[in-house]
Every structure is written in C-alpha cells, then in structure tokens.
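The values are calculated or read from the model by the stated rules, or taken from the named source; none is laboratory data. Note that this is a predicted model, so its numbers are computed, not measured. Cβ placement follows ideal geometry from the backbone for every residue including glycine, while neighbour counts extend to all protein chains displayed. Each accessible area value is taken on the protein alone, full model and side chains, heavy atoms only, with ligands, DNA and RNA left out. Shrake-Rupley method; radii C 1.70, N 1.55, O 1.52, S 1.80 Å.
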Amino acid sequence: GDAGVGGGGGGGEISTAELRATAETVTAACELADSLHTRALGSPLAVGGGGAAASAEEGEEDARLPSAAESSAVVLHGLFSRLRRSPEDQERVRRFAGEPPEPPFLRPVQLSGVAEPVASVHGAALAMRRALTQCALLANQTGGVHHSASLRVALLQHLFIGVLPLPLPLREQPRAAGVGMLDPPAPPRWGFDRRCFWHAAPVAFEEQAELLRLLGQLIRHYAAAVLCLTPTREMDAARIVTSSCAAALLDALLRVQAADAPTSLSRHYAGLQVGRRGASHARPFGFALAPFGLRELPSANLKLT
C-alpha cells in the first residue's frame, strides 16, 4: 500500500507520504468548515433553530482559524503548485502578459466653436476653418470618441444650413444692342445682387483659393461621414439639402472676380472672358436642377424629399 502512485517511474510521481499529508490537510479543512457552519447556526443572528443546534454541539472544541504559518504550509504540497501566487510567480505572469498599452491621448472637440451665423467673407472662412479642424479631430479619434460620424454629419449640416448664408440668385439684366463690330462690349446678361456679401465684398485671390480649398475638404468629410450612417428618409433629405447648399457656395465662389488677380477660370465661368475681338460671346455656367426634378428616381425616399 506504500508504493508510489502512477506508472512509468517518471520524475512527476507523488509519494504516499505526500498523498497522506494532503488528505490530512483536506480533512482538517473540512472539519474547520463544519465547525464554522455549526457556530453560525448557533449564533443569535441565525434564523430558525439556532438554539437547538447550539445545545446539540455543547462540549465540542471551539472552531479555530488556522494561523498564517499553517496556511502557507498547505501550498508546499505538490498538488497546490498552481494555486501559489508568490512574487516570483506574479513577476512571471506579468512578463508573459507584456507591458500594458498606454492610454490614448484624446484632444477635446469643441463643436460650439461653430455656432453663430456669419455676415462677411472673413467670418465664413473662419467658421469653415474651425469646422474643418473639428472634423479632423473627430475623424482621427474615431476609436476614442463615440458616434464620430454622427457628430461630423450634424456639425457640417449646421454649418452649411445654419451658419453660412446662401448667396442670392443672379439677376437678369438686359443686354445692350450694339450697332457695329467696333462698338464696346455689351454688359453681361446676368448681374450680381450687391446685397449679398459673397458678390459685393472685394475678395483677394488668396482668400478665394482658401475658401475653395476649405469647401472641398469639408464636403469630403461630409461624404465620408454620411455614408457611414444608416440611410433613412430624413437622412436622404438632409443630405440633398446640405449638398445643394455646398454646390451653391461653390458656384458663388467660382463666379467671384478676385480684386487683385482675377483668374481665367472665374472669368470664363461667369461669362466675362473677353474673346479675340474684344467681345464676350460665352454664356455663364451654372447648376440646373430641372433635369433632377423631372427625372424618375428609383428610390421612394428621394422621391418624397
């Protein structure tokens, strides 16, 4: 009966003495648990039958918790090797787990910086630049900021619909009829409404180029964010209105003649490019919504907007 357990004679065999010591430890732990349970039943706080249990256990030795030395001696047995948590074991576990990742550095997003409507070209450029900065922060911190796409869509819709005023439409003007080829060129057929600051305020070439650059980046952010959301009827309507506002701003910015160095693109787009004989025969370009309104759209959501 004292032979080692397990065949093969390997180095991992457990002797009979170790098994007997383990069995005694387990028996002592069971007796201690029974004694604690009996004392708990005999306490005044116990519910029901506490006095009878206490009187039945009269004369027994009071339960005693093991000391720290006895508790540490339990884990010296071979079967308790995986339950030990010595400093060496803890260091080994930490080495296997690796270093903890550094927490991400999140920069605050201030959506309230784009709030008030603007009344000048400089204010429009400032609002667009602030909105672009917040969109870049939201796009780069998608893993740390919840609902990044929804916040970008809401910010840009508020910018194009509520902050940036739409340019007034062009007014049709009668074209003066010339008598001969040497007559001075007739004024353009379409004129600007000077009540609109997009047309009335003098704009430098650098400011015009900056506004076009900001508008292009903002509409790219809007397209990338709005396609991440679930399409609904309300979302389709807001997307069409926001894109139309951006197209109207682009039309007005392209039509502006820079005060210091007007570009050929702006003059050709506005129909002001002078030809070889000193007259302008080109018609101004623009956006037309008539084909879009008459076309049969396959989507019911777009048809109802």
> What do you reckon, how do SER266, SER150 stack up by accessible area (1.4 Å probe), largest on top?
Replying inline: SER150, SER266
> Sorting MET235, MET128 by accessible area (1.4 Å probe), largest first, what list results?
Replying inline: MET235, MET128
> What net charge do the residues around ALA209 carry, taking every other residue with its C-beta under 14 Å from that of ALA209, with Lys and Arg at +1 and Asp and Glu at -1?
Replying inline: -2
> Got a number for the accessible area of PHE197? Probe 1.4 Å, square angstrom, nearest 10.
Replying inline: 40 Å²
> On full extension of the chain, what length is gained from ALA224 through GLU24, given 0.36 nm per residue of separation minus the C-alpha to C-alpha distance?
Replying inline: 65.0 nm
> What FRET efficiency would be calculated for the residue pair ARG107, ILE161, taking the C-beta separation as r and a Förster radius of 30 Å, to the nearest 0.05?
Replying inline: 0.65
> How high is the FRET efficiency from ALA261 to ALA136, r the C-beta distance, R0 30 Å, rounded to 0.05?
Replying inline: 0.50
>> Amide H of ILE14 versus every other amide H placed in the peptide plane: which residues, excluding those fewer than 5 positions away on the same chain, fall under 5 Å?
In response: VAL5
> If you plug each phi of the range 151-166 into the Karplus form 6.51 cos²θ - 1.76 cosθ + 1.60 with θ = phi - 60°, what whole-Hz ³J(HN,Hα) values come out, in order, with x for Gly and Pro?
Replying inline: 5, 5, 5, 5, 5, 6, 5, 5, 5, 6, 9, x, 9, 8, x, 6
> Taking a probe of 1.4 angstrom, what is the accessible area of ILE219 in Å², to the nearest 10?
Replying inline: 60 Å²
>> Net charge around GLN134, counting only other residues with Cβ within less than 11 Å of its Cβ (Lys, Arg = +1; Asp, Glu = -1)?
In response: +4
> Given 0.36 nm per residue, what is the gain on full extension from LEU212 to LEU250 after removing their alpha carbon distance, in nm?
Replying inline: 13.0 nm
> With all protein chains present and a 1.4 Å probe, how do GLU18, GLU102, GLU24, GLU116 order by accessible area, largest first?
Replying inline: GLU102, GLU116, GLU24, GLU18
> Excluding PHE285 itself, what net charge comes from residues whose Cβ is under 11 Å from its Cβ, given Lys and Arg +1 and Asp and Glu -1?
Replying inline: +1
